[in-house]
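Read the figures in this text as sums done on the coordinates, not as results from a lab. Every value quoted in this text rests on a predicted model; they were computed, and no experiment measured them. Here the Cβ positions follow ideal geometry from the backbone for every residue, glycine too, while neighbour counts run over all protein chains shown.
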Amino acid sequence: MKVRPNRVGEEIRKELVSLIRKGIKDPRVDTLVSITDVEVTGDLSYATVYISRYGSEKQRQDALDGMKAASKYLRGELSKRLKLRVVPELIFKLDDSLQYGAKIETILHQIHEEEKQNADKYPEEVSSEEA
């Protein structure tokens, strides 16, 4: 991985977070939208911005649509704030990693509860396995 695209991506992420909090008037983009990652191509021409929003699938899709609608405004604001000759074109995508992580955590919790119930029902099997 190259260092400069990573640094530029991190700066873009910081500025986008600030702009979301203060600058976007679109009601679909609220404070529940978070920027999870920004990946910039090696030639700095494109930046893929991964966003996440808690809520229903419709709310998540609306947030994505709102970010896409505001992309020209955001790119213009980034050009004012960042010292780059050309600001990368912004491509927004939904980041499902938080929902995926929550799903795995729920499954692990269910497995733990089932094991605890089985240990209460069959204590002799658990003690013989431990020996």
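What the table shows:
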| read-out | value |
| --- | --- |
| Which of Ile104, Ile20 has the fewest Cβ neighbours within 10 Å, and the rest in rising order | Ile104, Ile20 |
| Cα long-axis angle, helix 97-121 against the chain (0 to 90 degrees, to the nearest 10) | 10 degrees |
| Over the chain: helical MRE at 222 nm, DSSP H runs n ≥ 4 each giving -39500 (n - 2.57), nearest 500 | -19500 deg cm²/dmol |
| The chain: relative contact order in percent, alpha carbon pairs under 8 Å with at least 6 residues between | 22 percent |
| Nearest-20 debye value, the chain charge dipole, Cβ charges on Lys, Arg, Asp, Glu | 1720 debye |
| Given charges at Cβ of Lys, Arg, Asp, Glu: the range 3-95 dipole, positive-most of Leu32, Ser18, Val3 | Ser18 |
| Between 0 and 90°, nearest 10: helix 3-22 axis offset from the chain longest Cα axis | 90 degrees |
| Distance from the range 10-29 to the range 66-91 (C-alpha centre basis), Å | 11 Å |
| Lysine pairs in the chain with Cα atoms under 15 Å, if 8 or more residues apart or on separate chains | 8 |
